[in-house]
Structures are given as C-alpha cells and as structure tokens.
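The values are calculated or read from the model by the stated rules, or taken from the named source; none is laboratory data. Computed from a predicted model, the values in this text were never measured in an experiment. Cβ coordinates were reconstructed from backbone atoms using ideal geometry, including for glycine residues, and neighbour counts include every protein chain displayed. These accessible areas exclude ligands, DNA and RNA; they are computed on the full protein's heavy atoms, side chains included. Shrake-Rupley method; radii C 1.70, N 1.55, O 1.52, S 1.80 Å.
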Amino acid sequence: MDMKRRIAVLACGWSTYFLKDFMLGMKKAVEGKDIDIYLFNTYNYDEYSGFPNYTGFSIYNIIKYEDFDGIVVLSDLINNVRILERERLRILKANKPVISINKKMEGICCLKVDNYSGMYEVLDHMIKMHSVTDLAYVAGKEGSVDITERYKAYLAVLKDNNITFDSQKVYSLQSCDYHCAYNFFKDYIKSGKKLPQAFVCANDLLAMAILKVALENKIKVPEQLKIIGFDDILETQCTKPSITTVKNNAELIGAEAVSRLLCGVNGSQVLKVKSTPVFRQSCGCGYSTTNEQNLFTLNILDDANKKEEFDRHMEIIGEIFTEAADVFTLLTNIENFFVKSHPFEGSDFCIFMKSDWTSVLINSAENLPQNLSYGAQVQAICSVQNNQKYLREMIPTSELIPSKMKSEGSNLYLFLPVFHHSYVHGYFVTKNDLSMIDNRYGYMWSRNIGNGIEHFRKRNMFKQMSQQYLRLSTKDALSGCLNRQGLEKLAKPFFAQNKKNGLTTVLFFVDINKMKHINDQFGHLHGDLAVKTVAAAVLETVPKNWLSIRYGGDEFLVVGNSKNYNGEDYCSLIKKRLESKTAVMHLPYKLSASVGTYSVPAQSDLTLEQAVENVDNIMYEQKQAFHKEDDKNKEDAHE
C-alpha cells in the first residue's frame, strides 16, 4: 500500500489566476516532503436553456477522504452552498485535518486572503497621496466573500477620510468579467455623465476593461481618470499605463495551507494572509514597467499560438467522435491520437471511463438519465506515461490513479470530470502538469470530450433508428422476406459490393406452383398460407446473411454471394424443405415450387435486373417441366 502522505484539494477553476498561483504555492511547499497533492477541479456553467449545470462537482464523489492526510477546500471558488455542505459533512466524518480557503465553513479552519487590508491601503493612498475624493466603485453581482470585503474597505476608507458615501456611485454589473465592464463604461461615456476622479474596481479584469474604453475615448489615465484593480494579474503590469492593484498573495496562501495542515488545525480558527497594495501608473504613481511590458508583448504571440493550437487540438478531438463508425474505431482513434499528440494533457495522463461505458455509447435512449456515480471500477481508454502508450487497464475507482503513475518525491495530480448534461462518463487525470488550468483549457477540454461522446451516441442512435426503419420499410409483412423496396435499397447495393469485392453473386428464383389454382379453389387464406410456407422454407434453407425477397405475389428472389457458398444445391434443398414442412400440414392440395439458379461473376457486365431476368427464365423452364409432368400424371390417372 502507498504510504506517502496525500492532500486532497477541491476547486472550481473559473478563477484561473488565483487557482494557478495557489497550487504553485502548495507544490513548492511540499517539495522534499514526499507529499502528493490531488487537485479535484471542475467548472459549473449554464446550459443553453439557462439552467445551471453542477454535474462536474461529481468529481468530488471519487474522493475517499479517509485515504487522505489533509484536505483543502477552495470554498469561495466552489461557491455552491449545497455542495459545500455535503462535502463538509463527509470531511468531518473522516476526521481529517481540513482547511477552507476564503470562506468559513462550520467546524473547519478557515484561511483567507485579507481582501480588506490591501484594498483599504490602496484607497487610503489614493485619497492622501493623490487628493482623490470622488471615487466610484464597480463590481459584479456575485456575492463572494472576497468581493464583499473589498466593498467594505471602500466604505470604511470613505468614512475614515470624511468623504460622503454616494450610492449613485456604486455600480453593480451582471458579473465581474471584462466584457460586462467594457460595455458598462462604453455606455457610461455615451451617456455624457461626469467622470469620477477614480474608478475602484473589484478585480483587475474590470479595471482593464475600463482602461480600454478610456484609451479608446482619449480619456487620459491617470490625469483625467484614475483606475484601481485587485488581484495583480500579469496583464496589469504590462498595460500602458500600468494598473495600480492589490496582490492577493495566492501563492503564499497555498504554501500556508500546507504548513497549517502539517502542523495541525483548529476548526474554529480564522487565519488571514494580508493582501499587498501595488502602486503603479494608473493612480498617478511613477512605477515603470518597461521590461515587463516588453516581456509581455513578446509573450502575446506565444499565448495566441498556444490558444490556436488548443483550438485545433479540440477540433481534431471533435472530428474523431464525429467520424468514428463504431465503438472499436472510436476507442482506437482516441488512443492513437492522444498517444501521438498531448501538448495540453501532459506527458503522464490517463482518460478513465466507467466500466459500462461502451454499452452507454450504443444506448439508444433519446437522453441519458441522471447518473453522478463513477461506479466501482473505471477503464483507461487511453493511458500515456512518459509520453509512451500503456495498456488500457481497469482499476478500482477508489485507487484514483494507476500504480504505474505513482512515483517517488512529491507529485501533483489534476483531476477533471468528463460528463454531458447530467450523466457522468468518467474522468481525466494528469501528473505534474497544470496546463489545463490556464485559460480555462480544462473547461473547454472536458466539455468537448463530453459533447463528443454524446454526438457519437446520438449518431449511433439515429443510425440504429435508420436501420430499424429500413428493416420495417423493406420487410414484407406476410412472408417475412424483404419486399420490392428491399430489392432497390438492399439487393442492388449488395450486388454492387459483391462486384467491388471480387465475389460472384448467386441468384435463386422460387415460384409457387399452381398458385392461381390454390387461390381459386381454396380461397385467399390458403393462398396466404402457401406464401408463408414457401417463404419459411426459403428462409430456413439459405444462409442467414443472404437476401430473400418476395419479388411478386408468389415469386421469391434470393441474392447471395460466393463468400459463404460452396456449391450447395439450394434448388433441391428448398424443395426438400418445403416437402418436409407440408408433410405434417395436411393441406387439401399439393404445395410445391419451381426453383432456378444463376451466377454472376464479379467481372460480368450484367446488371442485377438483367441477372434476375436470366434466373427468372431458368426458373420458368423448371416451371414448364413441372406442368408437363403434372399434366402427364393427370392423363395417366384418368386412363
């Protein structure tokens, strides 16, 4: 059994900058300590219908907390009360050291960014050093703790500096993202409203959007408008002017979380790591960022190329699911592609699916039912270690990773769920690679795989429906053979494929003897019985993969090929089969059939219609012989 210490981290990766820095801090803190970190990351999102999708949080279901030596919950990123409460109860039951990041959970130690102190300091600096008294505040409607604390600092610094609070200068956007802020300030400028001296933004994305609109409208920053952000993301160092902001010190928090877990924690504690003001040009300070700007400018092309490469990577994955004809081809193509190309997956990774996954792929239900369980076992459909392919092994879900993925030293494993709507298919795990956290690649990757699975399943479903419709539309209800549509839709393609494959096409034509006499003398019910009986004799005699067609009212055409034909005398065999069936039926008439056969070599220029005409003529000769024999028997009987 693996005796290394292990720390589980629960996250929701939308805050890419914070999560990346936090995990880097944790990774540095465990170096040399023989501790592995297991990061279980996901993304919630809204469906096209507007319904929120939280299925990805099912990735936490595979965690057995008893197997870990410590747990970190990035609760403010998860921001889902029901899920947090469920995991809180499971964690406390396991009785393991646990820390909640940035949000207090009952009975769990809390370690948080002191959002208040850094924001207060930077605003106090604006008022005292730059004589700013007219400050507008911009934030999204999110109710997260960090945003709330930053707003409290805004209110407090106004009060402490005897500046009157004006609710008209507090702007609540739909969300704290760049596009919302860009549209807000663009409309603000169009309205002709007076500019405040400064915009205080709840995060850097809002600040950069406002800076962009200001520059587009030739508003001088900081002379005419000062801008403050929060988080100190890389881009704030490289804009011109650079943006005054607050560093959240996420990397320090990650390191502190490891230290606290190893030393022991108290469930009632609330610990804080101070945020740090970063004074730059957008508030009027003379911070020079020439080197950073040059570096960032050079990195822009690299980042754009990486995103373009990722988009192409996703396109190919989508094509694999779209073009695969069957499950075997799909699995083979997935494995071949990822073994050859895995720039974002890392050099050591596995894609695990539930043990019943292949049966799910051919499930013909319109929509799969909700299923958030990963089952007792998972199957690796693709396993790459040190850039080499490994066998598709099956492991107990509780083991999380294959034994060959484990190694000495401290490692970081990133887990992402694979699902579509409310059905979980499996998960992805990669070792010592955080590429999937960058630019929300993990979200796009996992959604693309989930959508690809569903597209394949739906396509397979429609294919089955089409085949079923074809069977129904080409089947003769009375005889059970194919009808004349079957000749067009199935027999002609079969005939063409035989020629393409170099196979001889074998034809048999069957005609019921004295059918008119049976109908006239004994009625159509007996006529129908005669058709059913002869059809059954044909179907029971010829190979199952040959096509048996009710060509006319009392005529049947059989189309086969030389692949499974060894010269059997099906003319005689069909007649013998019919005799054995009628021998126990006690019919008031003798039921028999005439049978002719004809072969069409692959190199022949004959069409199927011409071949059918030839075999019909041969059968007709048989029928004529039958009538002559029957007439002779009647004459002998009369004499």
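Spacing of the modelled spin labels on residue 16 and residue 394, each 7 Å from Cα toward Cβ, amounts to 3.8 nm.
Do any of 247/389; 64/247; 141/274; 159/212 go past 32 Å between their Cα atoms, and which?
On the way: 247/389 42 Å; 64/247 35 Å; 141/274 24 Å; 159/212 30 Å.
Flagged as over cut-off: 247/389; 64/247.
Checking the Cα-Cα distances for 500/575; 307/354; 128/190; 169/190; 103/152 against a 24 Å cut-off, the pairs over it are 500/575; 307/354; 128/190.
Starting from the Cα gyration tensor of the range 336-471, take the square roots of the eigenvalues, sort them a ≥ b ≥ c, and report rounded, prolate or oblate (rounded when a/c is under 1.5, otherwise prolate if a/b is larger than b/c, else oblate).
Working: a/c = 2.06, a/b = 1.89, b/c = 1.09.
Since a/c reaches 1.5 and a/b is larger than b/c, the shape of the range 336-471 is classed as prolate.
Suppose we keep just the DSSP beta bridges with both residues in the chain; what percent of those would be antiparallel, to 5? Display every interim value, and only then the final one.
Working: 50 of 92 bridges.
That works out to approximately 55 percent antiparallel.
Expressed in nm to one decimal, what extension gain is obtained for the pair residue 193 and residue 432 from 0.36 nm per residue of sequence separation less their Cα-Cα distance?
Details: separation 239, 0.36 × 239 = 86.04 nm, distance 5.10 nm.
Residue separation times 0.36 nm, minus the Cα-Cα distance, leaves 80.9 nm.
If R0 equals 45 Å, the separation of the Cβ atoms of residue 522 and residue 371 corresponds to a calculated FRET efficiency of about 0.15.
Distant-in-sequence amide contacts of residue 110, defined by a placed amide H-H separation under 5 Å and a gap of 5 or more residues or a different chain, comprise 100, 269, 270, 271. Note on residue 540/residue 305: beta-carbon distance plugged into 1/(1 + (r/R0)^6) with R0 of 60 Å gives a FRET efficiency of 0.35. Between residue 496 and residue 215, the modelled label-to-label distance comes to 6.0 nm, taking each label 7 Å out from Cα in the direction of the beta carbon. A cut-off of 5 Å between modelled amide H atoms, ignoring neighbours fewer than 5 places along the same chain, links residue 592 with 513. Rolling a 1.4 Å probe across the protein heavy atoms gives the range 197-242 an accessible surface of 35 Å² per residue.
Per residue, how large is the accessible surface of the range 519-639? Use a 1.4 angstrom probe and give square angstrom.
Working: 7000 Å² over 121 residues.
That works out to 58 Å² per residue.
Amide H contacts of residue 38 (H built 1.01 Å from N, in plane; Pro and chain starts excluded): 7, 8, 9, 413 sit under 5 Å, all sequence-distant by 5 or more or on other chains.
Here's the list of aspartates and glutamates a cross-link from residue 226 could span, going by alpha-carbon distance under 15 Å and ignoring same-chain residues fewer than 8 apart: 124, 134, 204. Residue by residue, the range 332-337 carries 3J(HN,Hα) couplings of 5, 5, 4, 5, 4, 5 Hz when phi is fed to the Karplus relation 6.51 cos²θ - 1.76 cosθ + 1.60 (θ = phi - 60°); x denotes Gly or Pro. Coupling constants for the range 619-627 follow from the phi torsions by the Karplus curve (6.51 cos²θ - 1.76 cosθ + 1.60, θ = phi - 60°), and in residue order they are 4, 4, 4, 4, 5, 4, 4, 4, 5 Hz; glycine and proline get x.
Considering only DSSP states other than H, G, I, E and B, which chymotrypsin sites (Phe, Trp or Tyr not before Pro) in the range 153-208 qualify as loop sites with at most 13 other Cβ atoms within 10 Å? Mind showing how you got there, number by number?
Numbers: sites: 154, 165, 171, 178, 182, 184, 185, 188, 199; in loops: 165.
Listed in order of number, the matching sites are 165.
Only one item in (1) 92, 85, 60; (2) 107, 106, 51; (3) 136, 64, 43 matches Cα extents along the principal axes in Å derived from the coordinates shown, and that item is (3). Using a probe of 1.4 Å on the protein chains alone, the accessible area found for residue 36 is around 0 Å².
Could you compute the FRET efficiency for residue 92 and residue 532, with r as their C-beta to C-beta distance and R0 at 56 Å, rounded to 0.05? Write out the running numbers ahead of the final one.
Numbers: r = 71 Å, r/R0 = 1.27.
Efficiency for this residue pair is about 0.20.
A simple rule links phi to the HN-Hα coupling: the Karplus curve 6.51 cos²θ - 1.76 cosθ + 1.60 with θ = phi - 60°, which for the range 413-418 gives 10, 9, 10, 10, x, 10 Hz, with x for Gly and Pro. Loop-resident GluC sites (Glu not before Pro) (DSSP state other than H, G, I, E or B) in the range 1-92 with no more than 12 further Cβ atoms inside 10 Å of their Cβ: 31, 47.
Relative to the present Cα-Cα distance, how much length would full extension add between residue 626 and residue 408 at 0.36 nm per residue of separation?
Details: separation 218, 0.36 × 218 = 78.48 nm, distance 8.70 nm.
My answer for the length gained is 69.8 nm.
For the pair the range 429-447 / the range 322-344, the C-alpha centres are spaced 19 Å from each other. Rolling a 1.4 Å probe across the protein heavy atoms gives the range 257-402 an accessible surface of 52 Å² per residue. Give the shape of the range 427-533 as rounded, prolate or oblate, defined through the alpha-carbon gyration tensor: a ≥ b ≥ c are the square roots of its eigenvalues, a/c under 1.5 means rounded, and otherwise the shape is prolate if a/b is larger than b/c and oblate if not. Prolate shape, in that a/c is at least 1.5 and a/b is the bigger ratio.
Using the rule -39500 (n - 2.57) for each DSSP H run of four or more residues, divided by the residues of the chain, the 222 nm mean residue ellipticity is -14000 deg cm²/dmol.
Accessible surface of the chain, 1.4 Å probe: 51 percent of it comes from carbon and sulfur atoms.
Relative contact order for the chain using alpha-carbon pairs under 8 Å, separation at least 6, rounded to a whole percent?
Working: 1112 pairs, mean separation 79.9, N = 639.
Once divided by the residue count of the chain, the mean separation gives 13 percent.
What's the extension gain from residue 224 to residue 177 if we count 0.36 nm per residue and subtract their Cα-Cα distance?
On the way: separation 47, 0.36 × 47 = 16.92 nm, distance 2.39 nm.
This chain segment gains 14.5 nm when fully extended.
What does the C-alpha gyration tensor say about the overall shape of the range 252-407? Classify as rounded when a/c is under 1.5, otherwise prolate if a/b is larger than b/c, or oblate. Write out the running numbers ahead of the final one.
Values: a/c = 2.41, a/b = 1.51, b/c = 1.60.
Since a/c reaches 1.5 but b/c is at least a/b, the shape of the range 252-407 is classed as oblate.
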